[in-house]
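S.K.: Attaching a single structure in structure tokens format; questions to follow.
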Amino acid sequence: MEAESTFPRWPVPPDSCAECAERVAARFEAQVERDRSRVRDMNVLIMRHHPELRARR
């Protein structure tokens, strides 16, 4: 078995492709927003479970 068959190379679009750049940026922003939402949810859960931490703010 060869490495190429196990780990195929992904196509790399040219840097000048505005459509690809736009899609990548939109997808990255969606991931960032999802991560921010998860952090907010975790913070809420922690504050509910440990109300003493709220007083430190």
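Any read-out appearing in this document is the output of simple, stated calculations on the displayed coordinates, not a laboratory observation. Please read all numbers here as calculations on a predicted model, not as lab measurements. Cβ atoms come from the backbone with ideal geometry, glycine included; neighbour counts cover every protein chain shown.
S.K.: Where in the range 18-57 is the amide nitrogen less than 11 Å from a point lying 7 Å along the Cα-to-Cβ axis of R9?
M.R.: Within reach of a label on R9: no residues.
S.K.: Give the shape of the range 18-57 as rounded, prolate or oblate, defined through the alpha-carbon gyration tensor: a ≥ b ≥ c are the square roots of its eigenvalues, a/c under 1.5 means rounded, and otherwise the shape is prolate if a/b is larger than b/c and oblate if not.
M.R.: Because a/c hits 1.5 or more and a/b exceeds b/c, the range 18-57 counts as prolate.
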